[in-house]
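Participant: Mind having a look at this structure? Questions to follow.
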Amino acid sequence: MFEKIRLLVVDDEPEVGNLLKHYLSSRDYEVTVAYSGEQALGILEKQKIDLILLDVLLHGMSGGEVAKIVKEKYPQIKIVLVTAFQAAADKIAQEVQLAGCFIKPKGLEDIYSRLQKIAV
């Protein structure tokens with residue numbers, strides 16, 4: 001039996017985070033959801049995570065700030081940004097090495113298939 005990929009979804013919209021958790025948990029992922037950057041960083045201190053699906057626009061700490069901290073403390077974790085704004089993703093990508101970026105809106109199947117390519 002293979003080990004599931006440990007995915008942290010960070011989105012301040014509970015309906016989005018819960019939808020992604022439900023959908024991706026039924027696939028090849030062990031999914032944890034954080035509803036803020038601060039909560040995400042707290043989870044990373046306690047759990048082993050392989051991949052983060054990170055919204056850029058969060059209340060409080062921004063996705064860009066979270067990405068910088070994650071890459072400093074946990075360089076092995078892959079980060080995929082999710083945003084409606086390509087310019088925001090490009091700016092963060094200049095500062096932090098990303099595994100990918102999804103521009104909203106994307107269907108669940110598209111997100112799943114793209115994560116499969118990144119997670120390997």
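The values are calculated or read from the model by the stated rules, or taken from the named source; none is laboratory data. Owing to the predicted nature of the structure, the values given are computational and were not obtained by experimental measurement. Every residue, glycine as well, gets a Cβ built from its backbone with ideal geometry; the counts of neighbours run over all protein chains shown. For accessibility, only protein heavy atoms count, side chains too; no ligands or nucleic acids. Shrake-Rupley method; radii C 1.70, N 1.55, O 1.52, S 1.80 Å.
Participant: Please go through segment 91-110 and pick out each residue that is at pLDDT below 85 and outside any loop (DSSP other than H, G, I, E, B).
Facilitator: Within segment 91-110, F102, I103, L108, E109, D110 qualify.
Participant: May I pose another question? Within segment 12-57, can you find the residues that are open to solvent by less than 70 Å² (accessible area, probe 1.4 Å), among the acidic types (D, E) and farther than 25 Å from A88 by Cα?
Facilitator: D28
Participant: Give segment 65-91 a look and list any residue that's over 21 Å from K48 (Cα atoms), of a type in the set (G, A, S) and out of contact with any Lys or Arg (no Cβ under 7 Å at 6 or more places or on another chain), or say none.
Facilitator: A87, A88, A89
Participant: If you don't mind, there's one more thing I want to ask. Go through segment 10-49 residue by residue and tally those that are within 14 Å of L115 (Cα to Cα) and part of a strand (DSSP E or B).
Facilitator: Number satisfying all stated conditions: 3.
Participant: Only one of (1) closer than 25 Å to E109 by Cα; (2) in a loop (DSSP other than H, G, I, E, B); (3) open to solvent by less than 60 Å² (accessible area, probe 1.4 Å) is not met by L7, so which one is it?
Facilitator: (2)
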